[in-house]
Amino acid sequence: MSAITQTSILEGRSGTFARLSDFFWRNPKILLFLMLAPPLLWLGIIYLGSLFALLLQSFFSIDEFSGLINYEFTLDTYRQLLIPSNFDIILRTVVMAALVTLASAVIAFPIAYYAARYARGKWKALFYLGVMLPLWSSYLVKVYAWKLILAKEGIFTWFLAKLHLTWLLDAWLSLPVVGGNSLSISYTGTFIVFVYVWMPFMILPIQAALERVPGNLIEASADLGGNPAQTFRHVLFPLALPGIIAGSIFTFSLTLGDYIIPQIIGSSRLFIGQAVYAQQGTAGNIPLAAAFTVVPIVIMGFYLWMAKKQGAFDAL
Amino acid sequence: MRSDRSASAPMGLKIAAAAGLLFLHVPILLIFLYAFTTEEKSYQFPPPGYTLKWLAVAWDRPDVWAALGLSVRVASIATAVALVLGTLCAAAVSQTRFFGRETISLLVILPIALPGIITGIALRSAFSFAEIPFSFWTIVLGHATFCVVVVYNNAVARFRRVSGSLIEASMDLGADGFQTFRYVILPNIGTALLAGGMLAFALSFDEVIVTTFTAGQQQTLPIWMLEELVRPRQRPVTNVVAMLVVLVTLLPILAAYYLTREGDQVAGAGK
């Protein structure tokens, strides 16, 4: 009897590692602190520190004559955002982001719905990889591929010529805002490439939301006399909405901040990202660049708040 | 038998889904075609002829090799840093409850949720403020910051599935904390870490927006490509490099998928 009671309470282990391990077991808070300190220091100091430093700069202004930064608190820089040429940039970017999000949702929905409801086994894996590979493959290569496609002598023109539809392209390009000399230097081109590059981010959240819709719900709707359009409108769409909103966070945010796509494929009119790049680079106006970056941060903050209210984060 | 699965999809849905997937894949496949074209000056389609010449030309270009080497070194070190930080953070968040837990998840995701240009310009102005000259390490610093989230996502998803009783059983059998980590936790999370590491590598290898702000005169492969896109010098070489980049990023993604597909989580969700 006594032998059992003796061994049931073990003595402290010997050896450095064992003693250290016992110490952590008794003081889990210290272990937690040691685990969290490196990542939090890295992200807190390097990332948040830089971010706050940048935001701070937006409250300074630049001296127009010397080009030096004037370290006095002012809202002048923000006022500059509202002058027509700058405000146009913001408006143009937000409208583009909204249109890209809308188009991405329309294209992504059938893929997500098919993958969630009909694809099984091998097909399901194939659909998954079919979305993941374009999502992860190189951003620049994707943009480059579209430069090949949309160039005047490229595949798109060739394809339309084969279909005898060149007149349609010419008619579209002669339209005032969306047109241009060729697709690769028009808003239409920018829009297509944005949709192409960010659309995969929309598919997976919608699919996740649709996976949770029981198939018999759709059948119940049909049994009760709903035609497919009504079923979509009143059953499927409301249930998929959190997923769509979750996906739109990506498409919207990524379009807001991008500066490479409109630079390579697009007209010479600026988007927010390009404005930031130009202001911090050639113009050397860091305060205005910082103020410009505040715009997407505020828009995304508001957007995330709305999304959270709609329950979109459960679908991520 | 349940009747809630209809046998096949409506035709319209099939066509829309197939068209959507084609839209995603055809442009990338075209890159492979253009790498072998004989046309040098324009993007003419269909290519007038096919040749293997450009592979050899690209092979002999020292600037391509230098950029590739820099990209691989940056991605390796950024991945290593992200693996350590992401795993620590994931372990702390999933194994314990403490005040501010949700905030930490938000903090980890923030570098990727905010547009890359914000991360880039913030780091750049911080470097110039602290008078740190641009170097190899400033690129790594930027990359590691947004790679943490990929490792973190994969590790958190796996930690959720490692049952706590397994760890308690190991402790009950007399293993200390380090032994438990070595023999119980690590084998369980190993593949998730490998998958996360590969995705982090792919992400870093491909990153261009943050890099344009944190690199000085040095060119990573994406920067080299961007330069060629803005001011084309030798288009066929660019085509070959684009094909190479697709292949290099393809492999880690496929590997990551096979490493994590048994699980209920999604390896690359929320890039």
- prompt: What do you reckon, is A:I218 assigned by TED's automatic domain parsing to the domain that holds A:L175, closer than 30 Å to A:L140 by Cβ and either touching a helix residue (DSSP H, G or I) at 6+ places or on another chain (Cβ under 8 Å) or open to solvent by 20 Å² or more (accessible area, probe 1.4 Å) (or both)?
  reply: no
- request: Just need a number here: residues in the range A:176-191 that are open to solvent by less than 70 Å² (accessible area, probe 1.4 Å) and either touching a residue at least 12 places away in the same chain (Cβ under 8 Å) or among the aliphatic types (A, V, I, L, M) (or both).
  value: 11
statement: Reported set for the range A:139-175 where residues are in contact (Cβ under 8 Å) with a residue 12 or more places away in the chain and open to solvent by 90 Å² or more (accessible area, probe 1.4 Å) is A:K152, A:W172
task: Might you check whether a residue that is among the aromatic types (F, W, Y), surrounded by fewer than 20 Cβ atoms within 10 Å (Cβ to Cβ) and without any contact (Cβ under 8 Å) to a residue 12 or more places away in the chain occurs anywhere in the range B:36-57?
output: no
- prompt: Only one of these conditions is not met by A:I30: (1) more than 8 Å from chain B (Cβ to nearest Cβ); (2) surrounded by 12 or more Cβ atoms within 10 Å (Cβ to Cβ); (3) at pLDDT 80 or above. Which number is it?
  reply: (2)
- prompt: Could we say that B:I104 is among the aliphatic types (A, V, I, L, M), in contact with a helix residue (DSSP H, G or I) (Cβ under 8 Å, 6 or more places away or on another chain) and under 30 Å from A:W158 (Cα atoms) here?
  reply: no
- prompt: When the range A:171-189 is examined, which residues are found to be hydroxyl-bearing (S, T, Y) and more than 11 Å from A:G266 (Cβ to Cβ)?
  reply: A:S174, A:S182
message: Could you tell me how many of the residues in the range B:69-96 are modelled with pLDDT under 90 and either under 30 Å from B:R233 (Cβ atoms) or outside any helix (DSSP H, G or I) (or both)?
response: 1
message: Residue pairs, Cβ under 9 Å, 6 or more apart or interchain, first in the range B:108-133 and more than 7 Å from chain A (Cβ to nearest Cβ), second surrounded by fewer than 22 Cβ atoms within 10 Å (Cβ to Cβ) and among the basic types (K, R). List them.
response: B:I112/B:K271
message: Please determine whether any residue of the range A:298-311 is assigned by TED's automatic domain parsing to the domain that holds A:Y139 and not in a helix (DSSP H, G or I).
response: yes
message: Just to be sure I understand the filter: pairs with C-beta atoms under 9 Å, separated by 6 or more residues or on different chains, first member in the range A:238-263 and free of Cβ contacts under 8 Å to residues at least 40 places away in the same chain, second member part of a loop (DSSP other than H, G, I, E, B) and open to solvent by 10 Å² or more (accessible area, probe 1.4 Å). Which pairs pass?
response: A:L239/A:R212; A:L239/A:V213; A:G257/B:L114; A:Y259/A:L270
field: Matching residues in the range A:124-182 - criterion: being among the charged types (D, E, K, R) and not in a helix (DSSP H, G or I)
entry: A:K152, A:E153
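To keep it simple, each residue is scored yes or no on (1) surrounded by 22 or more Cβ atoms within 10 Å (Cβ to Cβ); (2) in the same structural domain as B:T79 (by TED's automatic domain parsing); (3) not in a loop (DSSP other than H, G, I, E, B).
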| residue | (1), (2), (3) |
| --- | --- |
| B:L107 | no, yes, yes |
| B:P111 | yes, yes, yes |
| B:I117 | yes, yes, yes |
| B:I121 | yes, yes, yes |
| B:F127 | no, yes, yes |
| B:I132 | no, yes, no |
| B:T145 | yes, yes, yes |
| B:N153 | yes, yes, yes |
| B:R182 | no, yes, yes |
query: Would you say A:I62 is in contact with a helix residue (DSSP H, G or I) (Cβ under 6 Å, 6 or more places away or on another chain) and either among the polar types (S, T, N, Q) or at negative phi (or both)?
result: yes
query: Out of all the residues in the range B:74-87, is one or more touching an Asp or Glu at 6+ places or on another chain (Cβ under 9 Å), facing chain A (nearest Cβ under 9 Å) and buried (at least 17 other Cβ atoms within 10 Å of the Cβ)?
result: no
statement: Counting only residues in the range A:200-259 that are of a type in the set (D, E) and assigned to a helix (DSSP H, G or I), the one farthest from the chain's Cα centre (by Cα) is identified as A:D223
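Every residue, every condition in (1) of a type in the set (K, R); (2) over 30 Å from B:F201 (Cβ atoms); (3) within 14 Å of chain B (Cβ to nearest Cβ), yes or no:
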| position | (1), (2), (3) |
| --- | --- |
| A:I149 | no, no, yes |
| A:F159 | no, yes, yes |
| A:S182 | no, yes, yes |
| A:T188 | no, yes, no |
| A:V195 | no, no, yes |
| A:I203 | no, no, yes |
statement: In the range B:89-109, anything among the hydrophobic types (A, V, I, L, M, F, W, C), more than 16 Å from the chain's Cα centre (by Cα) and under 28 Å from A:L254 (Cβ atoms) is listed as B:C89, B:A90, B:V93, B:I104, B:L106, B:L107
- request: With the condition kept exactly as written, say whether any residue in the range A:71-82 is surrounded by 21 or more Cβ atoms within 10 Å (Cβ to Cβ), within 9 Å of chain B (Cβ to nearest Cβ) and assigned to a helix (DSSP H, G or I).
  value: no
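The values are calculated or read from the model by the stated rules, or taken from the named source; none is laboratory data. This one's a predicted model, so the numbers in the text were calculated from it and none came from an experiment. With ideal geometry, Cβ positions are generated from the backbone for all residues, glycine too; neighbour counts draw on all protein chains shown. Keep in mind that these areas ignore ligands, DNA and RNA; they rest on the heavy atoms of the full protein, side chains included. Shrake-Rupley method; radii C 1.70, N 1.55, O 1.52, S 1.80 Å.
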